[in-house]
Amino acid sequence: MGSLIDNTNHISSTIKEMESYHVLRGRVNSIGFQPDEHLIPFLELAGFESAALIRTFDLRYDLIFALVERWRPETHTFHLPCRECCITLEDVAVQLRLPIEGNAVTGVSSISRPATLCYELLGRSPSEGKFASLRLSWLKANFEYLPSTVNEREVMQAVRAYIMHLVVPVR
């Protein structure tokens, strides 16, 4: 497959040749496990099938650096030789085939009984006592492998856990 850019005259080729000049360090967060085949139809119904099937990707730090050099935070745009470019939520949704319908979810939620809510949605809770947060490692440990005798309720719980694993940022 050919390259989308002409590397001979592109800023990224200059940066790539400068081996000792690495300002950016990449951090790739991946879910670490593939969804069970039972989850796929439900992920598709929820609009997450394409995002769930993304496994790995190559990061071109030279291209990322070139974009960072052209980013203008005051206008949230890239200033390119041809014109300004702004990446929108719709652009991301089109690339990942994610639905962006309904109201935006923002801010901090106050849940009176988080352990109870976790148990209702996932069928289990990480702790019986004080519930402070839900760790992604706990989701993976509890929902990576489904038993062979899984019922629909357990599949729905695993789908919820998988989607949480996809959308919750790692801190």
Translational diffusion coefficient, Stokes-Einstein: compute it for the stretch 51-155 using the Kirkwood radius over C-alpha pairs as Rh, at 20 °C and 1.002 mPa s, and state it as an integer in µm² s⁻¹.
115
Across 10 Å bins from the origin, how do the percents of Cα pairs in the stretch 108-168 run, short distances first?
21, 56, 21, 2
Quickly rank 74-83, 115-124 as a protection proxy: mean count of other C-beta atoms within 10 Å, highest first.
115-124, 74-83
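Bear in mind these aren't lab numbers, they're just calculated from the coordinates by the rules spelled out. Just so it is clear, the structure is predicted and the values come from calculations on it, not from any experiment. Note that we place each Cβ from the backbone using ideal geometry, even for glycine, and neighbour counts take in every protein chain shown.
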